[in-house]
Each structure stands twice: as structure tokens, then as C-alpha cells.
Amino acid sequence: MGKFLPEQRTGTVSTERPRGKPRPVLLIALVVALAAGAAVLVNAGRNWRAVAAARKLKNPVAATAEALASGKSTYTDHCQRCHGVKGDGRGEKAAELSVAPGDFTDTLTMSRRTDGELFWQVTRGRLPMPSFEDKLTDRERWELVDYIRTFASAPASGSPSAFTSVSQAPRTLP
């Protein structure tokens with residue numbers, strides 16, 4: 001008689017895969033995940049260098065009343081639904097996004113960004129924000145930068161600058 005395998009002798013059927021043979025689907029998934037991770041790292045490196053170069057760009061469009069009006073119109077058409085009427089990142093679509101929209105009223109953050117960086121961000125976009133390179137002219141994007149700057153120019157009530165004057169007021173002891 002032929003040799004019986006242990007499973008045949010007991011009358012049970014084994015559902016185990018032989019050891020040493022990895023499943024091809026798992027290997028493919030691992031390779032895809034590693035490739036995606038590498039692509040993200042390479043892209044992040046490229047984006048960082050672009051931001052560094054963008055810092056040096058100077059805004060060729062003066063913030064005149066005409067440029068600000070044009071920038072406001074562009075903002076209303078393309079940015080307001082996510083960034084909000086007040087530029088605070090609380091637009092009607094903000095809650096639906098995977099990343100919170102930027103808050104243009106944050107004076108500290110806005111003071112750290114150059115016009116060139118803002119122009120680059122509008123031009124290139126970053127998910128979930130689309131690129132506006134093919135949707136707006138260079139001039140429209142620079143006017144938009146001028147308009148975005150107006151949100152941080154006036155301190156909002158309750159902002160740290162509003163508390164500064166209170167904390168510097170002389171104290172009177174009872």
C-alpha cells in the first residue's frame with residue numbers, strides 16, 4: 001500500500017498552506033506599499049526644495065485698491081468655500097476635507113510666510129487643495145496673495161495682540 005499522510009490517517013483535511021511559500025498577494029501588497037512610501041518621501045523632498053526657492057520670489061503686483069478688488073473676486077470664486085468668508089479656514093466645505101484649510105487670520109503664521117511661498121502654494125496646490133497654475137494667470141495669483149494678506153492685517157477680537165495691551169496695563173493693588 002501507499003504511504004498515508006497524517007491527515008489521511010485521521011480522516012481530517014488540512015487547510016494549512018505549506019510553510020515556506022509566502023502568499024503572492026501579500027508580497028505584491030508589500031511591494032506596492034513600499035513603492036508608495038518611497039514616492040511620498042521623494043515628492044516631499046521636491047516640495048521642500050521648491051518652497052525654499054519660492055521664498056525668494058518677490059510679488060510684482062502692488063497691493064492697490066484695484067489689485068485687492070481683483071484678488072477678492074478670485075478668492076470669492078475659488079477659495080472662500082474652504083477658507084471661509086473671513087479667511088479663517090472655516091468655509092462651508094472645510095469640514096468635508098481631509099486636511100484643514102489654512103487660516104489666513106493667524107498673524108504669526110502669515111508673518112512667517114513670504115509672498116513667494118503663498119504664490120507657490122496657490123500655484124502648485126497640495127491635496128486637498130487643487131493647483132491653480134492652469135486656472136489663474138500669474139497676475140491673478142499674485143493679486144490673490146495681496147488679498148489673502150488683508151485677513152491677517154487687522155487683529156481679530158480675542159487675538160493675542162488684543163490681550164497684550166491688557167497685560168501691559170499698570171496694576172493697582174487694593
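Laboratory data are not the source of any read-out in this text; all were calculated from the coordinates shown. None of the values given here were measured: they were computed from a predicted structure. Methodologically, a virtual Cβ is constructed for each residue, glycine included, from the backbone with ideal geometry; neighbour enumeration extends over all protein chains shown.
List of remarks:
- Here the calculated FRET efficiency for S131 and R90, from their Cβ-Cβ distance with R0 = 25 Å, stands at 0.60, rounded to the nearest 0.05.
- Look at the Cα gyration tensor of segment 43-133: its axes a ≥ b ≥ c give a/c of at least 1.5 with a/b at or below b/c, and that counts as oblate.
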